[in-house]
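Let me begin by presenting the structure, written as structure tokens, before commenting on it.
The values are calculated or read from the model by the stated rules, or taken from the named source; none is laboratory data. A quick note: this is a predicted structure, and the numbers were derived from the prediction, not measured. Cβ placement follows ideal geometry from the backbone for every residue including glycine, while neighbour counts extend to all protein chains displayed.
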Amino acid sequence: MTASMPHVWRFFRAGGFDQVQLNSPADLAALRTLDQKLWAALACPVKDLEFDRKTLEYIDSDGDGRIRAPELLDAVDWALARLADPATLFRDEPLAVSAFRDDDTGRRLTSAARRLLTLVDRADGQTLSVADLQDLQKLFPPAQPNGDGIVPAALTEDERLKAVIADIIACMGAEKDRSGEDGVSETSVNEFFAQAGHAYAWYQKGQDTALQPFGDDTAAAIAALLALREKINDYFHRVALADFDPRAGVLMNGEEGELVRLAALNLADVTQTASLPLATIGHGEQLPLGKGVNPAWRAAIDALRERVVLPLLGEREALTLADWRAINDKCAPHLAWQAEKPALVVLEKLEPKRLAWMVEGDSREQLLALIARDRTVSEEADNLIDLDRLLRYQQHLLPLLNNFISFRDFYTQREKAVFQSGRLFIDGKSCDLVVKVGSIDEHAKMAAASGSFLLYCECQRRTVAAGAEREKMNIVAAVTAGEEGNLMVGRNGVFYDREGRDWDARVVRMTQNAISVREAFWVPYRRIARMISEQIQKFAANSDQSATTSAMGGVTATAQQATAVPVASVPAAVAPAPKAPFDIAKFAGVFAAIGLAIGAIGTALAAVVGGFLALKWWQMPMAIGGGMLLLSGPSMLLAWFKLRRRNLAPILDANGWAVNTQARLSIGFGGALTQVAALPQGSERSLRDPYAGKRPLWPWLLLVLLAAAWFARDWLWLLLPQ
């Protein structure tokens, strides 16, 4: 028996690792045998990918918002099992009706394709594309069953049933039907009627005569009771405390300071006195129901007297503690029933009569029958869904594989990768490695390990017109070529997304790393120039401060002399101290030290210039280049090592990817990801700038003198006395 030959894989080298090439159906068929350690990524988020959303939802079989390697393998197998010619996945063309396999599944897809062509008014057509399935209203009209088990109101002509569907949606929330309409499913219907039955049973219990002490007026009477319950209890507790200790009698009527405060107010608003007791303690164990009641509670007392006291106790001018207890005992069963009220949405949304009508009627059975009728066409509708899935896989599956198993699109630069969100223009540069991020702070923690110079930007754009809400998102852009220039937090730029829409971008955070070796060459000179500039500015500032202080001292001294009293009248105790004598030795020492320093510097410069002039003409450029290399070499070498370690993986991992390798961003590749401003080829350029400042001539004169001295050194040597 001959052993089967292993599949021969082809790889290409990019980003510092070997990436598999998917060039044929045989490669896809053998994909499960490819060691996943060779995959570029093992998982990625569905969110923030520049990719067809519906295709990602089909592949994400468990709906967790992430695409994993097993799900991608299942999608490949599913597509290969339905196509007669798997090479169709590699063709950028519409899918032919004859492309399906000649089996039961293929024949169902062929039937669905014929039906779809009829629905889109192309009954004689022979090809299909994703665009043919975009209009769900045409494929799945709301008024016709579509097999998903979700029923919109448009599926029935019964107005009462439509109202029930609207009530269920209001209480349980809507579910999207394949037509795009809001509807209800068997689960939501059963849950709604279970709640409705529970609420109905509670309402029915409340209809017991013992729970309705005031008959039809019970609800209003209980409301009047509850409005004053706490206040009346407070009154009788105050009376009891005054009986316990007579000293409390005055205090229980309210603080005198509160009455003083109220006296200064406009008491037309009676609510100002609501915090005072319901009545004064002087009434004893009887609460007056007429005269003597706190004005803020007058209306509530009248309602209690009319709806509660009169029906239970008859006409009363006052309420004793015993009367109050009797009222509470009579209302206790109803209050206990109210305390048992279940926490159900249907009780908040629907009236009791509405609930009773639905529970006692046959609305539930009618809805379940409607759902069952919708499911009778599930196979036919599912075939259309499978057709849509296959059409999307035929168009999008291979590009996704080339952005997941390998980073082919990213490294070949033929197409933008699925994680590249657009292009950022800022500071004379355009950055193509731009990724959407959620939390900038969280992303920056991991992305810092990429070794890249990263700009985090907040982007905004108006959606419709001026004054409308602004869309917002965060991005991170890698600057991989050019120089840092004037990049800083707060700098503004413009971001163009993949759809060509422009966004206002503002830098809010930077992760600073080496950008290029060329920039590293100039770093030492910029540091020296910055140091010299800072020292000059510091010297100028100190000189300015000294001059200002000296001038102010002179002016002050002159003013004091003009207003001073005669010297003879100044007391000896306040006479100015005599100045110290001039120390000539100290002064000479300072000048000697300065002279020595200047002499040493002059000698060193003379030695350098003399040595340089002693070189032959062809050695001078080499000496200059060697000196510059000595100064810039360490910085360039350090930048080179850092740029070699620059990689993409932490940028994507911080965004939810599971990158399986170090995808390096080499120096050469970085130049392709970030472009620096350059004049178009063939442009005409005028070098005359009318606003440029005049340049000093002395550097050029010095250069000419040095050159003349070098060329004439032999001749001058002969003229010197021997």
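The table below lists the values:
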| read-out | value |
| --- | --- |
| Residues located in region 404-445, provided they are touching a Leu at 6+ places or on another chain (Cβ under 8 Å), assigned to a loop (DSSP other than H, G, I, E, B) and within 28 Å of Arg506 (Cα to Cα) | Val418, Phe419, Gln420, Asp427, Asp432, Leu433 |
| Residues (surrounded by fewer than 20 Cβ atoms within 10 Å (Cβ to Cβ), part of a loop (DSSP other than H, G, I, E, B) and in contact (Cβ under 8 Å) with a residue 12 or more places away in the chain) located in region 358-403 | Thr376, Val377 |
| Unique residue being within 28 Å of Arg122 (Cβ to Cβ) and not hydrophobic (A, V, I, L, M, F, W, C) when the list is Asp102, Asp77 | Asp102 |
| Region 278-301 residues that are closer than 23 Å to Pro246 by Cβ and assigned to a strand (DSSP E or B), paired with ones that are modelled with pLDDT of 80 or more and among the polar types (S, T, N, Q) (beta carbon under 6 Å, 6 or more apart) | Gln286/Thr320 |
| Filtered residues of region 89-114 (kept if more than 42 Å from the chain's Cα centre (by Cα), surrounded by fewer than 16 Cβ atoms within 10 Å (Cβ to Cβ) and of a type in the set (D, E, K, R)) | Asp102, Asp103, Asp104, Arg107, Arg114 |
| Pair list, Cβ under 6 Å, 6 or more apart: region 15-38 residue free of Cβ contacts under 8 Å to residues at least 40 places away in the same chain, other residue exposed (fewer than 14 other Cβ atoms within 10 Å of the Cβ) | Asp18/Phe11; Ala30/His7 |
| Residues satisfying the stated conditions in region 307-327, i.e. free of Cβ contacts under 8 Å to residues at least 60 places away in the same chain and on the phi < 0 side of the Ramachandran plot | Val309, Leu310, Leu313, Glu315, Arg316, Glu317, Ala318, Thr320, Ala322, Asp323, Arg325, Ala326 |
| Given (1) within 37 Å of the chain's Cα centre (by Cα); (2) over 24 Å from Leu368 (Cβ atoms); (3) among the aromatic types (Phe, Trp, Tyr), number of the condition Phe192 does not satisfy | (2) |
| Answer from Ala143, Ala194, Ala224 - the residue that is surrounded by fewer than 19 Cβ atoms within 10 Å (Cβ to Cβ), hydrophobic (A, V, I, L, M, F, W, C), out of contact with any Cys (no Cβ under 9 Å at 6 or more places or on another chain) and in a helix (DSSP H, G or I) | Ala194 |
| Subset tally (residues that are touching a Gly at 6+ places or on another chain (Cβ under 9 Å) and of a type in the set (A, V, I, L, M, F, W, C)) for region 117-139 | 2 |
| Cβ pairs under 7 Å, 6+ apart, first in region 69-86 and at pLDDT 95 or above, second outside any helix (DSSP H, G or I) and surrounded by fewer than 16 Cβ atoms within 10 Å (Cβ to Cβ) | Glu71/Ser61; Asp74/Ser61 |
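Residues checked against (1) surrounded by 23 or more Cβ atoms within 10 Å (Cβ to Cβ); (2) in contact with a helix residue (DSSP H, G or I) (Cβ under 6 Å, 6 or more places away or on another chain); (3) over 14 Å from Asp48 (Cβ atoms):
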{"residue": "Phe407", "(1), (2), (3)": "yes, no, yes"}
{"residue": "Thr412", "(1), (2), (3)": "no, no, yes"}
{"residue": "Ser421", "(1), (2), (3)": "yes, no, no"}
{"residue": "Leu424", "(1), (2), (3)": "yes, no, yes"}
{"residue": "Ala447", "(1), (2), (3)": "yes, yes, yes"}
{"residue": "Ala477", "(1), (2), (3)": "yes, no, yes"}
{"residue": "Met488", "(1), (2), (3)": "no, no, yes"}
{"residue": "Arg501", "(1), (2), (3)": "no, no, yes"}
{"residue": "Arg506", "(1), (2), (3)": "no, no, yes"}
